[in-house]
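Participant: Mind having a look at this structure? Questions to follow.
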Amino acid sequence: MTLPETDERRALREAVSALGAEYGHDYYVRSAREGGRSTELWRAAGRLGYLGVHVPVEYGGGGGGIGDLAAVCEELGAAGCPLLLMVVSPAICATVLTRFGTDEQKRRWLPGLADGSRVFAFAITEPDAGSNSHQLTTTATRDGDGWRLSGRKTYISGVDEAEAVLVVARTADERTGRLKPVLFVVPTDAPGFGTSPIPTELVAPERQFDLFLDDIALPGDALVGSPDAGLMQLFAGLNPERILASAFALGMARYALAKAVDYARTRSVWGTPIGAHQAISHPLAACHIEVELARLMTHHAAALYDAGDDQAAGEAANMAKYAAGEAVVKTVDQAVQTHGGNGLSTEYGLATLLVASRLGRIAPVSREMILNFVAQHSLGLPRSY
């Protein structure tokens, strides 16, 4: 594992933490409940170079790696304002374009993705496919020099804030065979592009949508990379997605743990701070251990990815995602329990995390599918699906 972090990474964390403190959880919740967006924080993070810290310098970025972007995501979460779109727009879309886009595509899209002036969404999940991406039915058909795209996607984050969506489809002649995904940049104002919001109990600035792609005409240069690259291109984006999802969960867990520790120090019952009692202190200590272990695996996964070891990074990213998902659910639950009835009050800023923390176990890949992956690929057990 590549630890400790460099001086540059630590300085980045401190700077991002300071930015997050200027906004905080109250801003985050207010944005979610009133307007559904956290535009001011997003723009500030982009203006300061944090959203594009991993984008090559020649395209307006900081020239760092996924580990740097994960640090940004984690610190904003620890300040009480996690940005879900960081998992999507900079982590997946900018990374895929950096690795596989044409020179023209990079010049066109990357500077805006780096400074936050452009936002992309990412669409892979389909209603009938679930976790089985081999059953995707969104189909791209050649049409002269261009393409026609039709299909449906579900639970796509932040489409209302995006000017384009990086859509995972499959070529028509591969429809009944093994998955050979193709990726397209699809403008959200394209004729035939439809959306429908999905009501959820999640209190977050980013909303969820169904997408309807009705015979959308796309130019040839909407295709990202090669139509024959297959899974290689897809996992170039999915590994960073898992790493950033881990960072997103870890930031949330750190925020909840800090609130719980402060409350346990200052809340006194029968003349003694409640944190002096092992029934309070031991569960919080256990949460801290689990969060730190998940952070180690997340750092490890990011280091492997930035070193170019995609296969090892895939295993580590899945493990990090599992560990962070478990840690955030347990930590948020324990933080609420530490506060007692106050844990459910608006004032203490924890109750909204009860639903949000569950994202770590569900999306972008469920804990059950990660366990399937580890059982098969890490342990060599027979596949179960």
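The values are calculated or read from the model by the stated rules, or taken from the named source; none is laboratory data. This structure is a prediction, so every number in the text was calculated from the model and none was measured. In this analysis, Cβ positions are derived from the backbone assuming ideal geometry, glycine residues included, and neighbour counts consider all displayed protein chains. These accessible areas exclude ligands, DNA and RNA; they are computed on the full protein's heavy atoms, side chains included. Shrake-Rupley method; radii C 1.70, N 1.55, O 1.52, S 1.80 Å.
Participant: Identify, please: which residue in region 269-291 is outside any helix (DSSP H, G or I) and over 21 Å from GLY349 (Cβ atoms) and is, among those, nearest to the chain's Cα centre (by Cα)?
Facilitator: Step by step, filter region 269-291, then rank; the result is HIS277.
Participant: Sticking with this structure for a sec: Would you mind finding the one in GLY20, GLY46, GLY67 that is at pLDDT 95 or above, assigned to a helix (DSSP H, G or I), more than 20 Å from PRO240 (Cβ to Cβ) and open to solvent by less than 10 Å² (accessible area, probe 1.4 Å)?
Facilitator: None of the others qualify; the one that does is GLY20.
Participant: What do you reckon, is PHE100 among the aromatic types (Phe, Trp, Tyr), open to solvent by less than 50 Å² (accessible area, probe 1.4 Å) and in contact with an Asp or Glu (Cβ under 8 Å, 6 or more places away or on another chain)?
Facilitator: In short, no.
Participant: Mind listing whichever residues of region 70-94 are more than 21 Å from ARG295 (Cβ to Cβ) and open to solvent by 10 Å² or more (accessible area, probe 1.4 Å)?
Facilitator: VAL88
For every residue, the table says whether it meets (1) closer than 29 Å to ALA316 by Cβ; (2) not β-branched (Val, Ile, Thr).
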site: ILE198; (1), (2): no, no
site: GLN208; (1), (2): yes, yes
site: PHE248; (1), (2): yes, yes
site: SER268; (1), (2): no, yes
site: PRO273; (1), (2): no, yes
site: ALA286; (1), (2): yes, yes
site: LEU304; (1), (2): yes, yes
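Participant: Among the candidates ARG33, ARG108, ARG118, which residue alone is without any contact (Cβ under 8 Å) to a residue 60 or more places away in the chain and assigned to a helix (DSSP H, G or I)?
Facilitator: Just a single option satisfies the conditions, and that option is ARG108.
Participant: Turning to a different aspect of this structure: When you go through THR331, THR298 one by one, which is the residue that is in contact with a Cys (Cβ under 7 Å, 6 or more places away or on another chain) and open to solvent by less than 20 Å² (accessible area, probe 1.4 Å)?
Facilitator: THR331
Participant: Which pairs do you get when a residue that is within 26 Å of ALA286 (Cβ to Cβ), found in region 308-329, comes within reach of a residue that is in a helix (DSSP H, G or I) and β-branched (Val, Ile, Thr), reach meaning Cβ atoms under 6 angstrom, with the pair 6+ apart or on two chains?
Facilitator: Going by the 6 Å Cβ cut-off, the qualifying pairs are ALA317/ILE243; ASN318/ILE370; ALA320/THR298; TYR322/ILE370; ALA327/VAL291.
Participant: In region 135-153, which residues are among the β-branched types (Val, Ile, Thr) and not in a strand (DSSP E or B)?
Facilitator: Residues satisfying the conditions are THR137, THR138.
Participant: Of the numbered conditions (1) on the phi < 0 side of the Ramachandran plot; (2) of a type in the set (Phe, Trp, Tyr); (3) free of Cβ contacts under 8 Å to residues at least 60 places away in the same chain, PHE235 fails exactly one; give the number of that condition.
Facilitator: PHE235 satisfies all of (1) on the phi < 0 side of the Ramachandran plot; (2) of a type in the set (Phe, Trp, Tyr); (3) free of Cβ contacts under 8 Å to residues at least 60 places away in the same chain except (3).
Participant: Related question: In region 109-147, which residue that is out of contact with any helix residue (DSSP H, G or I) (no Cβ under 9 Å at 6 or more places or on another chain) and open to solvent by 20 Å² or more (accessible area, probe 1.4 Å) is farthest from MET369 (Cα to Cα)?
Facilitator: Among those that are out of contact with any helix residue (DSSP H, G or I) (no Cβ under 9 Å at 6 or more places or on another chain) and open to solvent by 20 Å² or more (accessible area, probe 1.4 Å), it is ASP143.
Participant: Now, a different point. Run down ARG265, ARG242 and say which single residue is out of contact with any strand residue (DSSP E or B) (no Cβ under 8 Å at 6 or more places or on another chain), open to solvent by 10 Å² or more (accessible area, probe 1.4 Å) and either touching a residue at least 24 places away in the same chain (Cβ under 8 Å) or outside any strand (DSSP E or B) (or both).
Facilitator: ARG242
Participant: Out of all the residues in region 52-64, which are among the hydrophobic types (A, V, I, L, M, F, W, C) and either more than 30 Å from VAL29 (Cβ to Cβ) or open to solvent by less than 10 Å² (accessible area, probe 1.4 Å) (or both)?
Facilitator: Selection gives VAL55, VAL57.
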